[in-house]
Amino acid sequence: MEYNHFYQQSILQRGKFWGRKAAKIAWYKAPKTVLTLDKQGYYKWYPDGELNTCYLAVDKHVKDGKGGEVAMIYDSPVSNTKRKYTYDEVKLRVSKISGALRDKGVEKGDTVIIYMPMVPDAAFSMLACARLGAVHSVVFGGFAPHELAIRIDDAKPKVIISASCGIEFDKIIPYKPLLENAIQEAEHQPSACLILQREMHICSLQEGFDFDFEESVNAAEPADCVKVNATDPLYILYTSGTTGKPKGIVRDNGGHAVAMQFSMDYVYNAKKGDVFWAASDVGWVVGHSYIVYAPLIAGCTTVFFEGKPVRTPDPGTFWRMIEEYKVNIFFTAPTAFRAIRKEDPESEYLKKYDLSSLRTIFVAGERCDPSTLKWLQEITQKPIIDHWWQTETGWAIVANMMGVEQFPVKEGSATKPVCGYEVQILDETGEVLGPNQEGFVCIKEPLPPGCLPTLWNDDERFQESYMEKFPGYYLTGDGGYIDPDGYVFIMGRIDDVINVAGHRLSTGEMEEIVSSHTAVAECAVIGIEDELTGQKPLGLVVLKDTSTISGEEVQQDLVALVRAQVGAVAAFRTVVIVKRLPKTRSGKILRKTMRMIADDKVFTLPSTIDDPAILEELKVILQNNYIGLVSKKQF
Ligand SMILES: CCC(=O)SCCNC(=O)CCNC(=O)[C@H](O)C(C)(C)COP(=O)(O)OP(=O)(O)OC[C@H]1O[C@@H](n2cnc3c(N)ncnc32)[C@H](O)[C@@H]1OP(=O)(O)O
């Protein structure tokens with residue numbers, strides 16, 4: 001198929017194109033209208049369609065006689081568990097979890113928080129919510145109680161589903177104390193918690209409030225799929241913004257289902273029965289879209305992995321899994337491959353395994369650096385496809401659409417805009433820029449099906465964050481350019497959001513936490529380059545003149561404080577005490593300039609700088625001293 005023609009149809013004949021793609025979905029009531037603009041001026045996909053996402057992902061395959069086929073492979077080197085679930089088994093388990101939720105009062109439209117490690121019941125609980133028409137909000141297990149509390153207060157869940165523990169390499173992480181602290185901190189109180197007891201750590205349950213997950217599921221009657229409108233929310237997924245309060249990205253049911261099926265067909269070129277493995281976590285959007293919903297909707301076998309690329313038990317884990325389960329399509333973040341390369345640079349482990357089942361490797365979540373790309377191409381001899389997307393969109397914005405036409409890979413580019421996304425580069429005044437001109441990466445409205453219709457209970461913030469800067473365009477928050485061949489190059493965030501090991505984090509939030517310390521007069525947290533994790537946060541702190549605590553003590557306090565408030569995943573390990581911070585004459589801290597200095601990049605002296613001498617001071621400190629303070633992360 002020819003990309004240009006196919007892509008143009010998706011933009012110029014939007015209604016016809018996305019109407020045809022919607023016909024691949026088994027709606028309860030097929031939509032007559034493809035796209036409308038509501039009274040508030042918000043686009044709605046398939047507004048009169050009715051469906052159930054769990055039905056599409058599970059029951060439909062059983063109905064089609066595929067109940068005996070494997071829906072999910074669970075492999076957990078950290079708990080020495082391997083298990084396969086057929087579509088029949090998934091249907092039974094999911095409908096019983098739905099029944100257990102219904103017994104706790106959960107109905108269509110209610111919210112449920114899922115705070116679980118990578119156990120199959122996390123995915124089954126998501127599907128169980130979808131089955132009832134309830135809205136799930138999965139919170140990544142690496143987040144601290146404070147982060148969970150913020151999400152509880154925003155999503156107001158009727159029930160929280162959690163587990164007794166997670167396992168990080170060989171370390172047991174008890175989840176229950178984290179959950180209890182979060183519930184204690186939150187204003188909103190759920191009416192019940194369902195706790196999955198894992199045999200490696202059994203936790204105590206509070207009578208009348210905590211319920212044993214397994215017992216509740218066993219006691220429940222299976223629940224049927226509940227019909228929902230296409231525009232009803234399927235889930236909320238919180239993502240870091242520029243402030244301490246995360247943004248609750250809303251995903252609808254209808255547009256999402258169409259986008260998931262479309263992306264499997266045309267981005268990943270996945271066929272029914274393929275084994276599709278996204279090595280991520282259900283706490284991230286990759287986990288939502290490509291561990292749970294898309295592979296199942298498309299009738300593939302999804303692989304559910306509770307482990308890491310290295311040390312569970314070695315850097316050959318990914319290759320072992322690909323051979324053992326005959327994985328056809330593999331998707332992970334570049335940082336995972338950098339971790340493998342660090343431990344196995346000559347790819348000795350890979351040589352032990354047969355990767356002949358594997359057709360394509362996809363990477364996303366952060367920029368794929370050319371060195372990792374070349375190394376992967378060389379050692380695997382497979383197409384390595386970088387693609388760029390966001391929690392907000394739920395699926396690829398820019399990709400090499402493997403089910404359409406495969407383009408030559410250009411290092412540093414995720415290739416071309418995916419169907420439905422009219423990607424344009426704008427300058428500060430909103431003018432569309434030409435080839436090779438760097439500016440704000442924006443998407444002309446309407447966004448395609450599957451993208452966020454708004455933020456949970458916060459239309460105002462949705463407008464302010466994404467739609468206001470350039471009316472008629474969605475602001476992605478990334479900077480970049482398009483080359484004369486139409487390849488899109490994403491150059492990094494233009495705001496205070498950073499990407500550490502594929503985890504999206506807010507430096508603004510970290511600054512709020514650091515500045516809450518009694519000894520801190522002012523501070524800045526910036527994201528600086530890191531060979532392994534892409535970026536890492538660095539805190540620059542000015543102490544109060546009156547502070548009597550030693551700088552070293554403050555450094556330790558601040559690292560502990562961010563870990564306690566955001567979680568281990570923040571990877572905030574470096575704090576530098578400085579005498580002053582560079583500012584403009586109006587008092588704005590020059591974060592970008594500091595970043596350029598720390599990354600040893602050429603920068604122009606801002607004309608508005610108050611005192612240029614500070615930059616020289618900082619240069620010495622950042623380039624020579626801070627490295628000594630970093631507690632190097634060992635993978
Ligand atoms: C396209 C749209 C998107 O961008 S969606 C996001 C895509 N991103 C991803 O899929 C994430 C990719 N990254 C990873 O999988 C991991 O970072 C890899 C590469 C495997 C490395 O893992 P790890 O060694 O644990 O390092 P890390 O930096 O992730 O973790 C930092 C600290 O946090 C902890 N942590 C992590 N996950 C959890 C969890 N689920 N529960 C509890 N704790 C967790 C880690 O143990 C680590 O802690 P510590 O600092 O060593 O004590």
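Values quoted throughout were computed directly from the atomic coordinates according to the rules given, and no laboratory measurement underlies them. Just so you know, these numbers come straight off a predicted model, no measurement behind them. Heads up, the Cβs are rebuilt from the backbone with ideal geometry, glycines too, and the neighbour counts pull from every protein chain shown.
A residue that is surrounded by 18 or more Cβ atoms within 10 Å (Cβ to Cβ) and part of a loop (DSSP other than H, G, I, E, B) occurs somewhere in the stretch 478-490. Condition test on residue 507, is it crowded, with 17+ Cβ neighbours inside 10 Å, within 13 Å of the ligand (Cβ to nearest atom) and β-branched (Val, Ile, Thr)? It is false that residue 507 is crowded, with 17+ Cβ neighbours inside 10 Å, within 13 Å of the ligand (Cβ to nearest atom) and β-branched (Val, Ile, Thr).
Each row is one residue, and each column tells you yes or no for (1) among the charged types (D, E, K, R); (2) closer than 25 Å to residue 415 by Cβ; (3) in contact with a Gly (Cβ under 7 Å, 6 or more places away or on another chain); (4) surrounded by fewer than 13 Cβ atoms within 10 Å (Cβ to Cβ).
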position: 3; (1), (2), (3), (4): no, yes, no, no
position: 8; (1), (2), (3), (4): no, yes, no, no
position: 20; (1), (2), (3), (4): yes, yes, no, yes
position: 33; (1), (2), (3), (4): no, no, no, no
position: 51; (1), (2), (3), (4): no, no, yes, no
position: 54; (1), (2), (3), (4): no, no, no, no
position: 65; (1), (2), (3), (4): no, no, no, yes
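Restricting attention to the stretch 569-621 and to residues that are within 16 Å of the ligand (Cβ to nearest atom) and of a type outside the set (Val, Ile, Thr), the residue that is surrounded by the fewest Cβ atoms within 10 Å (Cβ to Cβ) turns out to be 573. Counting only strands (runs of 3 or more DSSP E) that fall entirely inside the stretch 1-116 and contain at least 1 residues that are touching a Pro at 6+ places or on another chain (Cβ under 8 Å) and farther than 20 Å from residue 452 by Cβ, the qualifying elements are 70-76, 81-86. Being part of a strand (DSSP E or B) and of a type in the set (Phe, Trp, Tyr) is a property that does not hold for residue 407. So for the stretch 246-258 (the condition being part of a loop (DSSP other than H, G, I, E, B) and either within 16 Å of the chain's Cα centre (by Cα) or without any contact (Cβ under 8 Å) to a residue 12 or more places away in the chain (or both)), does at least one residue qualify? For the stretch 246-258, residues part of a loop (DSSP other than H, G, I, E, B) and either within 16 Å of the chain's Cα centre (by Cα) or without any contact (Cβ under 8 Å) to a residue 12 or more places away in the chain (or both): present.
Applying the criterion of being more than 14 Å from residue 14 (Cβ to Cβ) and among the acidic types (Asp, Glu) to the residues of the stretch 415-459, the residue that is surrounded by the fewest Cβ atoms within 10 Å (Cβ to Cβ) is 428. I'd like to check something: does the stretch 523-535 contain any residue that is over 16 Å from residue 621 (Cα atoms) and more than 16 Å from the ligand (Cβ to nearest atom)? Within the stretch 523-535, none of the residues are over 16 Å from residue 621 (Cα atoms) and more than 16 Å from the ligand (Cβ to nearest atom).
Quick check on the stretch 330-344. Is at least one of its residues free of Cβ contacts under 8 Å to residues at least 60 places away in the same chain, within 16 Å of the ligand (Cβ to nearest atom) and of a type in the set (Gly, Ala, Ser)? So far as the stretch 330-344 goes, no, none of its residues is free of Cβ contacts under 8 Å to residues at least 60 places away in the same chain, within 16 Å of the ligand (Cβ to nearest atom) and of a type in the set (Gly, Ala, Ser). Residues considered: 205, 127. Of these, the only one that is in a loop (DSSP other than H, G, I, E, B) and among the aliphatic types (A, V, I, L, M) is 205. Only one entry of 137, 162 meets the criterion of being surrounded by 23 or more Cβ atoms within 10 Å (Cβ to Cβ) and either in contact (Cβ under 8 Å) with a residue 60 or more places away in the chain or in a helix (DSSP H, G or I) (or both), and that entry is 137.
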